[in-house]
Amino acid sequence: MIPLYNNKTIRSIEAEAFVYGDSFAVMMRAGKAIAQQAILMTKNDNRAILIIAGPGNNGGDALIAAASLRETGRNVRAVFLGNIACLSADAKKALAHGKPIFNDFADDDYALAIDGLFGIGLARPLDDTYKETVHRLNALSCPVLSIDIPSGINGDTGAAAGKAVYATRTITFFAAKLGLYTGDGAQAAGKVVVERLNFQGNATPCGFLLNDDDDLNLRQLQRHKNTHKGNYGTLAVIGGATGMVGASVLATRAAVRLGAGKVFALSLANPVPLLDWSMPEVMWCTATADILKTLSLQAGVIGVGMGTDSAAKRLLKTALTLPLPLVVDADALNLLAQHLPLRNLCTNRKAPLILTPHPTEAARMLGSDTIAVNKDRVHAAKTLAANYSACVILKGAGTVIADSSGWCICAAGNPGLAQAGAGDVLAGIIGALLAQTQNAEFAARAGVWLHAAAADEQAAQSGTIGLNLNTLAETAARRLNLYIENQVGD
Ligand SMILES: NC(=O)C1=CN([C@@H]2O[C@H](COP(=O)(O)OP(=O)(O)OC[C@H]3O[C@@H](n4cnc5c(N)ncnc54)[C@H](OP(=O)(O)O)[C@@H]3O)[C@@H](O)[C@H]2O)[C@@H](O)CC1
Ligand SMILES: [K+]
């Protein structure tokens with residue numbers, strides 16, 4: 001996993017670095033690294049490179065890059081947008097290096113635009129003049145390289161301060177900043193390149209980025225010859241009310257694909273479907289509190305297409321009371337938001353509990369609104385995890401997974417998942433992993449990762465529009481099997 005840092009911890013790394021070398025030398029290294037990245041991005045394109053420098057040291061980095069690029073013979077248009085009188089000593093020196101410098105630019109055809117308007121010193125929303133510059137940068141037809149963090153993105157939260165630069169690539173200094181990987185930042189940053197500037201600080205990360213199959217202990221899912229279906233857990237998916245049966249179909253099919261030993265669909269529909277012809281191994285029956293108590297289950301998924309009527313509420317109450325590892329999704333989350341006694345059942349239970357809200361469901365549970373949740377997604381996930389004594393998966397760009405032991409962000413996934421049903425597949429995948437391991441942290445992290453990585457695999461083949469949810473769990477299972485095979489060897 002890649003360690004993630006917030007602005008405060010990045011500042012402490014910066015301060016450590018300055019103990020070992022003067023701050024302008026560090027800025028020089030940053031500027032040269034930006035110039036190298038710009039050369040990589042433009043190759044033999046000899047059109048001008050536009051460089052926008054703002055009023056802080058982010059702008060200083062940009063101006064050093066301008067000087068470095070000119071030394072290599074590149075045609076550079078350097079623009080400074082700030083008040084010279086307020087510059088730091090380092091940025092003043094950079095300004096002297098970066099000459100000639102202009103105070104405006106034409107909306108021309110550049111090889112590349114470099115965004116050095118604001119870095120981690122962004123302190124408030126952009127005013128109209130800076131918003132206009134961001135707007136013009138985003139409208140250029142060339143690629144954009146952002147310095148440290150796309151201007152307008154908050155390094156601590158990933159939220160845009162009104163408007164943000166949308167970069168093709170971001171070169172970020174010292175270490176990975178959490179704001180580059182979730183919310184608006186996940187979109188704005190483009191490809192992230194971490195440039196350590198020859199310095200490895202000692203600061204403690206605030207969280208982690210799930211970035212690789214190796215970041216998860218997937219090998220624990222390996223199958224052994226002398227086993228039977230009873231070794232892989234029985235899962236019940238509770239939901240699928242009239243008109244919403246498809247949600248249960250997607251979740252149960254995904255659960256079978258990801259290896260649950262037996263899968264029940266406990267449905268609130270009237271009548272309950274007799275069978276899913278494409279997955280006849282799923283056992284369909286009417287969802288009642290009694291059947292939930294009678295079945296010998298290793299895990300449950302509750303809420304997919306369930307509705308919020310009194311029958312649904314009774315089922316949720318029963319499920320939360322049983323010593324059953326649970327994934328609580330969709331309508332069941334809305335019920336938790338509405339009924340305090342149900343929330344109290346969450347905090348009092350001992351069995352593993354995973355909640356999978358999207359930002360609007362999270363907002364209902366927090367008594368806030370979707371905009372507030374997305375303003376600080378990590379904080380929202382951590383608060384919900386504490387309020388419900390649960391492992392919380394806050395969905396959206398850069399899904400956040402938080403529990404009492406810490407948090408991480410999933411680096412995989414794409415907007416193809418922004419469609420009805422994607423969450424049902426995710427709930428089924430996590431349910432299957434929970435049924436096999438009874439480990440909430442593992443099931444949540446591995447489930448989110450496999451679901452997102454499978455979506456990326458499918459998008460690489462056929463794009464993000466119309467991503468096929470019917471084959472998503474199959475792709476995830478294939479990836480998992482391949483990984484285990486490669487790990488285990490002959
Ligand atoms: N020193 C070094 O050697 C190294 C530095 N590095 C680089 O430094 C960057 C951090 O530099 P930084 O602290 O100067 O912050 P940065 O984001 O450039 O600008 C802050 C300025 O903007 C202003 N301001 C803030 N918000 C505003 C707004 N909305 N609208 C208008 N103005 C606003 C704020 O003014 P004030 O709030 O005081 O009014 C202040 O003047 C970091 O991201 C990295 O690129 C690293 O590469 C390592 C080497
Ligand atoms: K920037």
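The values are calculated or read from the model by the stated rules, or taken from the named source; none is laboratory data. Every value quoted in this text rests on a predicted model; they were computed, and no experiment measured them. Don't worry about glycine lacking a Cβ; one is built from the backbone with ideal geometry, like all the others, and counts go over all protein chains shown.
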Original post:
With respect to the numbered conditions (1) at negative phi; (2) more than 7 Å from ligand 1 (Cβ to nearest atom); (3) out of contact with any Ser or Thr (no Cβ under 8 Å at 6 or more places or on another chain), which one is the sole condition not fulfilled by Asp115?
Top reply: (3)
Original post:
Given (1) under 30 Å from Phe208 (Cα atoms); (2) of a type in the set (Gly, Ala, Ser); (3) surrounded by 18 or more Cβ atoms within 10 Å (Cβ to Cβ); (4) modelled with pLDDT under 95, where does Gly98 come up short, assuming only one miss?
Top reply: (1)
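Only one of these is within 16 Å of ligand 1 (Cβ to nearest atom) and at pLDDT 95 or above: Ile84, Ile64. Name it. If you could, list the steps in order and put the result at the bottom.
On the way: Ile84 fails: at pLDDT 95 or above.
Going through Ile84, Ile64 in turn, just one is within 16 Å of ligand 1 (Cβ to nearest atom) and at pLDDT 95 or above: Ile64.
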Original post:
Of all the residues that make up segment 29-44, how many are modelled with pLDDT of 95 or more and more than 11 Å from ligand 1 (Cβ to nearest atom)?
Top reply: 9
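Please work out which residue is nearest to ligand 2 (Cβ to nearest atom), limiting yourself to segment 80-137 and to residues that are among the charged types (D, E, K, R) and touching a residue at least 40 places away in the same chain (Cβ under 8 Å). Reasoning before the result, please.
Taking segment 80-137 first, the residues among the charged types (D, E, K, R) are 90, 92-93, 99, 104, 107-109, 115, 124, 127-128, 131-132, 136.
Still in the list and also touching a residue at least 40 places away in the same chain (Cβ under 8 Å): 90, 93, 108-109, 115.
Values: Asp90: 16, Lys93: 19, Asp108: 21, Asp109: 22, Asp115: 5 Å.
It comes out as Asp115.
Looking at Ala106, is it within 13 Å of ligand 1 (Cβ to nearest atom), over 29 Å from the mean Cα position of the chain (by Cα) and farther than 19 Å from Thr42 by Cα?
On the way: within 13 Å of ligand 1 (Cβ to nearest atom): no; over 29 Å from the mean Cα position of the chain (by Cα): yes; farther than 19 Å from Thr42 by Cα: yes.
Here the answer is no, as Ala106 does not meet what is asked.
Would you say Thr168 is touching a residue at least 24 places away in the same chain (Cβ under 8 Å), assigned by TED's automatic domain parsing to the domain that holds Ser12 and either near ligand 2 (Cβ under 10 Å from one of its atoms) or crowded, with 22+ Cβ neighbours inside 10 Å (or both)? It would help to see each step written out before you state the result.
On the way: touching a residue at least 24 places away in the same chain (Cβ under 8 Å): yes; assigned by TED's automatic domain parsing to the domain that holds Ser12: yes; either near ligand 2 (Cβ under 10 Å from one of its atoms) or crowded, with 22+ Cβ neighbours inside 10 Å (or both): no.
Against the criterion (touching a residue at least 24 places away in the same chain (Cβ under 8 Å), assigned by TED's automatic domain parsing to the domain that holds Ser12 and either near ligand 2 (Cβ under 10 Å from one of its atoms) or crowded, with 22+ Cβ neighbours inside 10 Å (or both)), Thr168 does not qualify.
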**OP:** Can you tell me which residue within segment 324-340, out of those that are in contact (Cβ under 8 Å) with a residue 24 or more places away in the chain, over 21 Å from Thr252 (Cα atoms) and not polar (S, T, N, Q), is surrounded by the most Cβ atoms within 10 Å (Cβ to Cβ)?
**Re:** Leu336
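For Ala89, indicate whether it is within 12 Å of ligand 1 (Cβ to nearest atom) and over 20 Å from Val134 (Cβ atoms).
On the way: within 12 Å of ligand 1 (Cβ to nearest atom): yes; over 20 Å from Val134 (Cβ atoms): yes.
Taking the combined requirement at face value, the residue satisfies it.
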Subject >> Single residue of segment 48-92 satisfying the filter (outside any strand (DSSP E or B) and touching a Phe, Trp or Tyr at 6+ places or on another chain (Cβ under 6 Å)) that is nearest to Pro143 (Cα to Cα) >> reply: Ala48
Subject >> Extreme residue, farthest from Gly121 (Cα to Cα), among residues of segment 67-81 that are of a type outside the set (Lys, Arg) and more than 16 Å from ligand 1 (Cβ to nearest atom) >> reply: Gly73
**OP:** Name the residue, out of Asn138, Asn154, that is within 16 Å of ligand 1 (Cβ to nearest atom), out of contact with any Lys or Arg (no Cβ under 6 Å at 6 or more places or on another chain) and modelled with pLDDT of 95 or more.
**Re:** Asn154
